[in-house]
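Single-structure report; data block below.
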Amino acid sequence: MKLKAGIYWGAGCGGCDVAVLDVHEKILLVAEKMDLLFWPIALDFKYDDVRAMDDGEFDIVLYNGAVRNSENEEIAHLLRQKSKVMVALGACAHLGGLIGMANFHTKEDLLKRVYVDSESTVNEEGTLPQEYWEEAGIPLELPRLYGTVKTLDQVVDVDYYIPGCPPVPEQIVNALVAVWDGNLPPKGSVIGAGSRTLCDECSRTKEEKEITEFKRTSEVITDPEKCLLEQGLLCLGPVTREGCGSRCINSNVPCRGCYGPLEGVPDQGIRMLSALASVLEPKEEEAIDELISQIPDPLRTLHRFSVAASILRRKKI
Amino acid sequence: MSFEPKIVGFLCNWCSYTGADLAGTARIKYSPNIRSIRVMCSGRIEPTFIMKALYEGADGVLIAGCHPGDCHYQEGNYKALRRYRMLKKVLPDYGIDPGRIRLEWVAASEGEKFANVVDDFTEEIRNLGPLGIKEGLDEMMKDDVIPHHASGGEKGGDDNEA
Amino acid sequence: MKYTYYPGCSVSATANLYQESIDSVLPGLGIELEELDDWNCCGATAYMSVRELLSFAISARNLALAEKYHRDMVTPCSACYLVLNKTNRYCEEYPDIRKKVGQALEAGGLNYSGNIKVRHLLDVVVNDVEKEKIAGTVKKDLSALKVAPYYGCQIVRPEIGLDDPDDPQIMDELIRSVGATCVDYSMKTKCCGASLMGTDEKKALHLCKEILADAERNEAHCIITVCPLCQMNLDIYQSKVNSLFGTKFRIPVIYFTQLIGLAQGKSMKELGLGRLGVKISGEMKKIIEGA
Amino acid sequence: MSVRIGVYLCHCGANIAGKVDIDAVADFARGLENVTLVKDYKFMCSDPGQALIQKDLENKLVDRVVVASCSPLMHENTFRKTVERGGLNPYLFTMTNIREQCSWVHIDSDRTTEKAKDLVAASVRRAFLLEPLTKKEVPINPRTLVIGGGIAGIQAALDLAEAGKEVVLVEKEPSIGGHMAKFDKTFPTLDCSACILTPRMVSVGQHSNIELMSYAEVEDVGGYVGNFNIRVRKKARYVDSELCNGCGACWSKCPSSRVPRKGNVHEKLSLGPTTSIYMPFMQAVPAIPVIDRDTCLYFKNDSGACGICAKECERGAIKYDMTDEIVEFEVGNIIIAAGFKTFDPAKVKRYGYGRFDNVMTALEFEVMNCASGSTGGNILMADGSEPKSIGIVHCVGSRDSHYNEHCSRVCCMYSLKYAHLIKEKTDAEVYQFYIDMRCFGKGYEEFYDRLLSEDVRFVRGKVAEISKVPVTETEEGKLVVSVEDTLLGTVRRIPLDMVVLSTGLEGSETLPEIAKLCSVSVGKDGFLIEKHPKLGPVSTATDGVFVVGGCQSPKDIPDTVAQASAASSAVLSMITREKIEIEAATSEVDEDKCSGCKLCNTLCPYQAVKFDEEKEVSVVNEALCKGCGTCVAGCPSGAISAKHYEDRQIFAEIEGIFSGGL
C-alpha cells in the first residue's frame, strides 16, 4: 500500500524542493512507494484538498522553509493536524536558516528597506503592502508578516529534522526510506545526517589550534591539506553536524554551519564563539581585541543559519 | 520604588568564590542583587551560560576569576578573558549593551574588592535599566498570529493562540 | 644626512677651536649641519639649579624653534645636550611644567610640542656614520698614538641612555676606528669639577688632578673629550694643578673631532690646535708629523 | 522511580536565622518540584544535625540531599561524609551558601530571604540532575626520582633508601656533592665540609636501594602522580664505570689541561686534577674520571692525535667510542633538588669583576680555601703572593632592584666564615662591607660576636665602586673600595689587596626546563613555586612533585636538609598509602560525539586531554585531569562533559534562580 506524502514550501528559497527533485532517478523509487498528494511547487493541489483530508492521513510531510508569516503558520498547523510524521526539511525549518537573519532587524526596517529604500525602487509616498485591501468591492488579502522569524518546532510539534541548506538529496531519500521501513530513531532527532561534526568527515590534517590571525577567503590561497581554521579562516566545521559530504570544505571554502549543531548544544553560534575564543593566541586584552577585530561581523558569521534557534532568538529591539 | 536589577555571578572556586566568602567572614555589606553560581575555574564559564542567564531574566552577568598568573589551573582565566572579549564584541548585535556583562579578577584575599565590584556593578546595571529579554520577546511576538480574515473570514486569528 | 645644529654659547666663543675642527671634519663624513636661527643660551646646568622653571622655558624656546625643521637637533656640548634632553623629559612627565612652559612660549608666539630629538655630536658621528666611512677618510697612521677617552659625567647619564653609565665604549670605538690606540682609562666618566672651578677652585683642581694622573699613569699622549667645559678645566688649569700638587703633567686635551682631523692628515692650524693651553709637543708631535 | 530531594536548612545559631526567615524559606522549599522533605536545625554541621540527614537516608526517605547553610568551602566534605555514611553516593549532594554570601553580607532581611529562596530553588534543580560519581584510585609506584645530587638530593635519597624504598638519583655533574662539595668549612660550626658530606656521599654510592645516574640529565617526564614515566640521558664519560677503579694513572700522564695554562692563580683554581681527563674532586662519588671533550687532544677536531690515557690504563677502562645512553623507567613521585647558581658579578661593572685581578667571587674563594684545591687551601693573590688586606662585599646581586630583590639568606654567614678563615690562615686585615648583618640561625649570632672579637673591621654601607685609580701613595697598585660608611657618615676609600664578592643565590640554569618537564611553575624571582609558602613549602600544585633546597628559595644547609627530610616523609606517606584517590569530578569525552578537531588539546595545561591516534578521537586521562572544565567550555561539539558541573546542571541552576519557586 503506497504511503501518502506531502511537501510544503514555507518561508524559504525553494532550494529544498529542488533538492527533492535532485534525487534524479531515485524519484521513481519515491513515486513507486509513495503518492505525493500535496506539493505546491510541483503539483496542483490546493489547501482545501488538504483541509478535506482526514487527520493524520499523510504518512509523512516534509515542511521546508521557516515560519515567517501567518500563512506559513496556518499551513504548518494544518499539515501537523493531517500528518502522522512531520519532518522539518532544511536549515530554515530546522534553525531559521538565512531567512532567520531577519531577526537582527525590526519588521518596519525590513519593509522600508525593501519597498522604499532599495536602490531600484521609486516609491516617494512610501506605500507598503497591506494585509487587507478592497478594490472595486473585491477583498484582497496578504498574510501577516511576522516581526520575528520562527523555526518550525517553535510553532508545531516536529517529529524529525533533515538539516542542510540545501539538504543533500540522497539524505532526503534515506529519510523517506527510513520512514516507510518504519525504523526511525527516537522522536525529535535529526535524521539524514551524522552524529559527529564535520571535522570527523573532513580529510584535512588537524593539529593543535592556536589562532594568531583571521583571514577572509579572498585574502588567502588555502593549502588543500591543512585544516582551514588553522589557516586563519573562520570555519564552523567543528560545531556543525556532518552529513553534507564537506561540499564547501572540499572546494577550499570554510564551512558556514548550515547542518546545525549536535545534540545537547543549545546555541550553535555562541558555542563556536566559545571554542574559537578559547584558542586565540594572545593573552593581553588589547592584543585579543585587535585579533577579534579581524573578523568583519562575528555574530552574523557564527549565526548565519541559526539565529532563530539561538538562546536569545533575536535582537532585542 | 527604584528598579532592582538581578545579577547572576559566575565565581571560580579557588579565588573569587573564596574572596566572596571572605567578604562574608569580614561582614562587609554589599547589595543583595547578585546570585552566584560556583564553578571550579573561570575557564569553565561558557558564553552559553551567560546568554542563558540573560535570556532567563538577568539584567547583568558578573564573571570573576583569579588574577592572571594566579589561576589554580594555570591558564583557565586567560580563556575566560578571551571568551569575554569576544562576547563583549558581539553583544551589541543582539541589541544588548556590552556593559551588562563584566569580568573581574578577584583574589582569594580580596573580600573588600568583591563587595565593591558587586555594589558598583549593581549601580551600573541600575542605570542601564531592566533587560527583560524574555518579556521583550513575548511582547515583540504578541501580534505574530494568523489574522482573522485570512482563512474564510469568520474563523479569526484570536482563537488559535497556539 | 642633515641635522639642525645647536652650537651653544661656548663653541662660538671660548671653545671656537672645537667649532673650527667641526667645520673642517664633518663635511668629509657626510654630515650637514644647518644652524638653528635665532637660538638662545640653553641655561646650562648652573641656571637649572637656580630657577628650574625659567630654565626649562628658555631651553624649550630652542626646541620650539627647531620644530619647523622636522629633524633631529645636534649639539656638540654636553651641558646643552643634558639640559635640552631634560627639558623634553620633564615636559613629557610633568604636565604642569609643560603647561607653564607652553604659556611662556605662547607669549613669544611659539608652540612647544616636544617632538624634536636632541642628540650629541659624538652619537651622530659614531652611530650614524658607518665605521668604514670614517676609516676611509684616515690618511695618517696614528697607531703609536695612545689616547685616553674622557666622556665627562653628563652625556652618559642613565636616563638619557646614550651608553653604559659605568663603562661607556662609544668613544673608545671612535679612537680605534681612526687607527689610534685607546688606553684602559678608569677615570673616563669621573667629574672634572665643571663650574666648581669658578666657586671652589681648590676642590675642582683636585678632581682634575686625578683625571690627569690616571691618563699619565696609562702613558696616554693626549686626552680627547666632548665637552668644552671639561676641555677648559683639564687644559687651561693644568699648570695650576701642577703648581698646587707638584705634578708635572704636560698632557694635551683636545676634542674628538680634532683627533679625527689629525688622522685625516689635516694641519694643526686648520683644526685650531695652535691655541691649546698645553701645546702638542714632544713624542705626540713626532708621531703626528712622522705618520 | 522519581527523584526525592531532601532540603536541610541551617540556622547556624543566629548567623543565618538572624537575617534569613528560615521558616519562610522552608515553606517555599516544600513547594518546589521533587522536594519530598524539608527540615531545619540550629547547627546542621553538628553531630545531631548530621544525624538528621543520615537517619533520613537510612530510612530511604530521600535520594538527593540539599544542605542550605554555610559555604561549601567550609563543610562540603563534612556533609559528603555524612551522606556517604547514610549509604548515598556523596556526589548526590549539593550545598547552598546562604551565610557567607547571603545572611552575613546583606542588610535588608526581606531581600536576603528572597535571595536565599532563589539560591535554594537553584540548588534543588541542580540536585535533581546530579549523577553518582566514584573517586578513582591509582596505584603508587614505590620508586622515587630525585633530580639533583647536592646535599638536598643526597638527604632525600638516603631517607627514602633507608626506609627500604627504591630511589633513582640523577645528577648532571660527573659527581654528586653539589655546591657543598666545593666548600672548605661550613658555618657556624666550622665543620670541614668534606668531613660531614663525604660519608653521606659514600653511603649514597653504596646504597643498594639508590640507583645513582651521575653526568646525566632528565629529558622527559610523562604520566601522572604515582605513575610518572621518566627518560634520562646519561652523557658519555668515555670511562667504563665497571672497569675503572679510580687509580688515577690516566690523569697523572694526561698532557692537556682543562684550566687555562698561562692564567694566574685565581684563573687556574680547581679542586680535582686540572688535566682533561679528570676527577671533579678527590672524594667524588662515583669515583670515576670523565674526559672533558673541549680540551682533550683526542677529541680536538676529532684528530685522535692523543691516546695516552687509554695506554696508561691497565684495565682498558678508557673507551673513546662511548655514546650517550638513554634510560627509561617509572617512578611514583619526583623530588626536585636542582639547587641554585650564584649571581654573575660581571653584570655589576662598577665592581670590576673580570676586569681587575684579585676581584673574585665567593665560590672561587671557597675553592681556594679547600685543602684539596690547587692552592692547597692557602689564600693567595692572583700573583701567588700573600694578601695583606682583604675586603668582603655583601649583597652582590641581592637586595638590589636592578638585579635580585630577594635576600639570599646565606651570604652574611659565609662572609663571616671567610673573615675567620682569613684571620686564621693569614695575618691580613679584613674588611666586611654589609647593609645588615643577618645572622638569624642557631648559633649564628654567637658566631658574629666571635668575629667582632677577632678584630674584623665591619663597615656598614653598600660599596659604590672598586677601582684601580690611586689617589694617595698608599693606594698605589691596590684595589680602592669607595663606600659610604653610614655609621661614620662619610665616604671612605679603602685600599685593599683582594676583594671577595659575596654573590647572591639564583635558581639554577636548568630550572626552567625541569619546571616545564614536571609541570611546576617558576616564580618571578627565578625559583620554583611551592604549593603554599607557609603550609606547603615542599609540595607543589602538581601532585607527586616536590621541591627542596636552593631551587625553591635561597637557604642554608640546615634548612635544606630539613626540607629534604620533609619531602621524603611526604613521599613515604604517599608510598605507604599504595593508592591515591584521583579527583572524581574530572572531564569525560563522549567518543560518539568527538570528531577529532583537537581544539581541546591546546586548552589543557596538564596535557590531560590528548588525541588518540587509533580511535581518532580525543581522550581524557582521568589521573592527569584536574577538573577545571576549560576544555568542556571550549569543545565545539559539546562532546566533553564536566562531571558534577555538567552544562545541564548549571543551566538548571540558572533557571532555578529566576524560577521564583514556580
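Every number in this text was worked out from the coordinates using simple rules, so none of it is lab data. The model shown is predicted, which means the values in this text are computed figures rather than measured ones. Here the Cβ positions follow ideal geometry from the backbone for every residue, glycine too, while neighbour counts run over all protein chains shown.
Which shape class applies to chain D: rounded if a/c is under 1.5, otherwise prolate when a/b exceeds b/c and oblate if not, where a ≥ b ≥ c are the square roots of the Cα gyration tensor eigenvalues? Spell out each step's value before the answer.
Details: a/c = 2.97, a/b = 1.87, b/c = 1.59.
The shape class here is prolate.
Projected label points at B:E139 and D:S521, each 7 Å from Cα along the beta carbon direction, are separated by 4.6 nanometres. Across chain A, the volume of the C-alpha convex hull divided among the residues equals 171 Å³ per residue.
How many angstrom separate the Cα center of region D:264-333 from the Cα center of region D:596-619? Here the answer is 44 Å between Cα centres. By the gyration tensor of its Cα atoms, with a ≥ b ≥ c the square roots of the eigenvalues, what is the shape of region C:130-290: rounded for a/c under 1.5, prolate for a/b over b/c, or oblate? Oblate, since a/c reaches 1.5 and b/c is not below a/b.
How much net charge surrounds D:P280 when only the other residues with a Cβ under 10 Å from the Cβ of D:P280 are counted, with Lys and Arg +1 and Asp and Glu -1?
Details: positive: D:K182; negative: D:E173.
Result for the local shell: 0.
Can you give me the Rg/Rh ratio for chain C, using Cα atoms for both radii and the Kirkwood formula for Rh? Intermediate values should be presented prior to the final figure.
Details: Rg = 19.1 Å, Rh = 19.6 Å.
Reported Rg/Rh (Cα atoms, Kirkwood Rh): 0.98.
Report, ordered by chain and residue number, the lysines lying within cross-link reach of C:K140, taken as a straight Cα distance under 16 Å and ignoring same-chain residues fewer than 8 apart. Leaving aside lysines fewer than 8 places away in the same chain, those within reach of C:K140 are C:K266, C:K285, C:K286. Given +1 at the Cβ of Lys and Arg, -1 at the Cβ of Asp and Glu and no other charges, the dipole of region C:130-290 around its Cα centre is 760 debye to the nearest 20.
Just for the protein assembly as shown, what percent of DSSP beta bridges are antiparallel, to the closest 5?
On the way: 57 of 163 bridges.
Beta bridges within the protein assembly as shown, antiparallel portion: roughly 35 percent.
Centre-to-centre separation between the Cα atoms of region D:497-540 and those of region D:122-197: 15 Å. Normalised by 2.2 N^0.38 Å, where N is the number of residues, the C-alpha radius of gyration of region C:2-121 stands at 1.05.
With K and R counted +1 and D and E -1, the other residues having a Cβ less than 14 Å from that of A:S195 yield a net charge of -4.
For the residues D:F356, D:F546, D:F228, what sequence is obtained by ranking on other C-beta atoms within 10 Å, fewest first? Spell out each step's value before the answer.
On the way: D:F356 15, D:F546 32, D:F228 23.
Listing D:F356, D:F546, D:F228 from fewest to most nearby Cβ atoms yields D:F356, D:F228, D:F546.
Distance from the C-alpha centroid of region D:348-366 to that of region C:1-66: 42 Å, rounded to the whole angstrom.
Let me check I've understood the local charge: for D:C370, count other residues with C-beta under 9 angstrom from its C-beta, Lys and Arg +1, Asp and Glu -1. What total comes out?
Details: positive: D:K182; negative: D:D184, D:E366.
Net of charged neighbours comes to -1.
Please state the equivalent ellipsoid semi-axes for region D:1-148: what are the square roots of 5 times the Cα gyration tensor eigenvalues, largest first, in whole Å?
Details: eigenvalues 186, 79, 38 Å².
In descending order the semi-axes read 31, 20, 14 Å.
By the compact-protein rule of thumb, 2.2 N^0.38 Å, the alpha-carbon radius of gyration of region D:65-108 corresponds to a ratio of 1.28.
Between 0 and 90 degrees, the angle of helix B:16-25 with respect to the longest Cα principal axis of chain B falls at about 70 degrees. The ranking of D:M368, A:M101 from fewest to most other beta carbons within 10 Å of each one's beta carbon is A:M101, D:M368. Neighbour counts of other Cβ atoms within 10 Å put D:T630, D:T134 in the fewest-to-most order D:T134, D:T630.
Legend: residue pairs B:K134/D:K117; D:K182/D:K300; C:K188/D:K347, Cα-Cα distance threshold 25 Å; pairs beyond threshold, D:K182/D:K300.
Sort region D:494-642 into rounded, prolate or oblate with this rule: let a ≥ b ≥ c be the square roots of the eigenvalues of the Cα gyration tensor; rounded if a/c is under 1.5, and if a/c is not under 1.5, prolate when a/b is larger than b/c, oblate otherwise.
Numbers: a/c = 3.72, a/b = 2.10, b/c = 1.77.
Prolate, since a/c reaches 1.5 and a/b exceeds b/c.
One equal scatterer on each Cα of the protein assembly as shown, no solvent, Debye formula: the resulting log10 I(q)/I(0) at q = 0.05, 0.09 Å⁻¹ is -0.62, -1.28. Take every DSSP beta bridge whose two residues both sit in chain D; close to 50 percent of them are antiparallel. Normalised by the number of residues in region D:506-612, the mean separation of alpha-carbon contacts (under 8 Å, six or more apart) gives a relative contact order of 16 percent.
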